[in-house]
Amino acid sequence: MAEELLLENNAKNSAHLTKSLLAVALLASLGSSMLYGYNLAVVNSPAQFIKDFYNETMVEIYDWAPDEEHLTVLYSLTVSIFAIGGMTGALLVGKLVTRFGRKGTLVRSSALVFIGGALMGFSRWCKMPAMVIFGRFITGVHSGIALSVVPMYLGEIAPKNLRGFLGLVPSIHICLGVFIAQVLGLHELLGKEEHWPLLLSLVVFPTMVQLMLLPWFPESPRYLLIEKGNVHATIAALKWYRPKGNIQAEVEEMQEEQRSLSSIQTISVRGLLMDRCVRWQVITIMVVNIGMQLSGIDAIWFYTNDIFRNAGIPDPYIQYTTVGTGAIEVISGVLGCFTIERVGRRPLMIGGFLFMGLCCVGITMSVLFQAQLAIMRYISVGCVVGIIAGFCIGPAGVPFLITAELFKQSHRPAAYTVAGCLNWLSNFTIGFVFPFLEMATGPYCYLIFCVICFGVALYTIFIIPETKNKTFMEISQMFAAKNNILEEELTPNGHLKLAMMNGYGTVGQHDEK
């Protein structure tokens, strides 16, 4: 039966974007990646209202009036607890995607959004600040899961020449989520004192749409074939995504990858970290994911209004300036999505980080000299916009994309667990520490971000190869030299001998002959 499905269509292998591929990319990102962006920015506009709520509740219930420093700590915890939830979710990714599949994990984890949204929505009515903090944590757990699973799912269903385009669709939705949060946070809309619980709880609506439609789409074909061994379901899923194409070559490529694995069991995080055959791949995802968050972008997303206020922008204009940056984010994300398959991953990463580093220097200089030159406040705003644009064009989505590309099936869940944990840990660090760092160092804190951006750009230049239009097997072979895998350890087609592997890359015992 499987052979009949393969042979019933003699068309050439389809590598163009189909409606099914685009629909699942948009749908998977809508209720997942967009919520991540929304939750990053949604606490920015109602910051003072949330602090006032904490203050009033503490006075009324506990007869304790917290000072400004305590309120800053509580608000910083509210902002950064989202990242702690994200790190918790990232730790669960490996087990969830192995047990439930990629699509199955996205569908099941959506229940967390309804729990978190309800907690935040009713917090003011219940007079419980802890509900806001715990609701942020729960939605963070969902984002931690989804932020890894969505690019993994899209990377596995996409043909190799569209993997970059589809891989950046989630980053567009992240930018769109930030923009929507900024627009809804305007004083004319939901940016009023009585509306902030509603603003925080609106995350349930896109998740509802995703939950109604995503179950109708097929599971990842690679998961179905390599991990479940279901050839018939794999072919049916591929024909759903490539309805007019002959998918025989793609099935054979998956089977070749399956044959290169002496074990189809998903490797553990410990096994991934101990595996010398993927050493540089692991180092790479560590560098790019930590660098992505410590580039300063989260500080700008979390504290945009404060940054513009410190730059001298009058208060009545700050919210509109913030919305303008959100529009720039969306435009930049779309630009990156439509250029990645043309220019490649490395140029977007290198250019993005270098431009962000230069803009960080610009912010420092503009704040230092704005007392002497009024134009410096506009330069400061321009540099903030530059950091956002540089980030959204490349670094926003490429790290998640290359995490899927640098590893084969058995190592991919563990790789996303490591990348996700480091990503969220760095996110938490910035969200919690930045207000105090800014108080201690002033505008010089952006020079720290500058050094990190330049460092990641240099690493990309000298270490990371271009993965555009390469199969997962070809990419793994590109790292063989860096990982000190000797030529005699490879089979004629460039793969590690099975005697040297347990799964993909875990070194075992040599056969004695």
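Brief remarks follow.
- Efficiency of FRET from Cβ geometry, L358 and M208, R₀ 45 Å, rounded to 0.05: 0.60
- Spatial separation of Cα centroids for the stretch 16-48 and the stretch 410-489, in angstrom: 23 Å
- Label-point separation in nm, F462 to E69, each point 7 Å along Cα→Cβ: 4.3 nm
- Across K244, K192, the residue with the most accessible area heads the list, and the full order at a 1.4 Å probe is K244, K192.
- Size of the stretch 264-486 as Cα extents on the principal axes (Å, biggest first): 61, 36, 26
- In the chain, helical runs assigned H by DSSP with n ≥ 4 each contribute -39500 (n - 2.57); averaged across all residues and rounded to the nearest 500, the mean residue ellipticity at 222 nm is -22500 deg cm²/dmol.
- The eigenvalues of the Cα gyration tensor, multiplied by 5 and square-rooted, give the chain an equivalent ellipsoid with semi-axes of 41, 25, 21 Å from largest to smallest.
- Across the stretch 467-483, rounded Karplus estimates of 3J(HN,Hα) from the backbone phi angles (6.51 cos²θ - 1.76 cosθ + 1.60, θ = phi - 60°) give 10, 4, 6, 10, 6, 4, 5, 5, 5, 5, 5, 5, 8, 4, 5, 5, 8 Hz, Gly and Pro being marked x.
- Cys with no candidate disulfide partner in the chain (beta-carbon separation under 4.7 Å rule): C126, C175, C277, C337, C392, C421, C445, C453
- Base-10 log of normalised Debye intensity for the stretch 18-217 (one unit scatterer per alpha-carbon) at q = 0.10, 0.13, 0.18, 0.19 Å⁻¹: -0.43, -0.68, -1.15, -1.25
- Zero-based 10 Å bins, Cα pair distances in the stretch 307-398, whole percents: 18, 42, 29, 11, 1
- Each listed q (0.13 Å⁻¹) maps to a log10 I(q)/I(0) for the stretch 95-180, found by the Debye formula over equal Cα scatterers with no solvent: -0.53.
- Once the Cβ-Cβ distance of K228 and L273 is raised to the sixth power relative to R0 = 22 Å, the FRET efficiency obtained is 0.25.
- Mean Kyte hydropathy of 1.6 or more with a Cα span along the axis of at least 20 Å, helices from DSSP in the chain: 163-184, 376-393, 445-462
The values are calculated or read from the model by the stated rules, or taken from the named source; none is laboratory data. Bear in mind that the values here come from a model prediction, so they are computed numbers and not experimental data. Backbone-built Cβ (ideal geometry, glycine too); neighbour counts: all protein chains shown. SASA here: full protein model, heavy atoms, side chains in, ligands and nucleic acids out. Shrake-Rupley method; radii C 1.70, N 1.55, O 1.52, S 1.80 Å.
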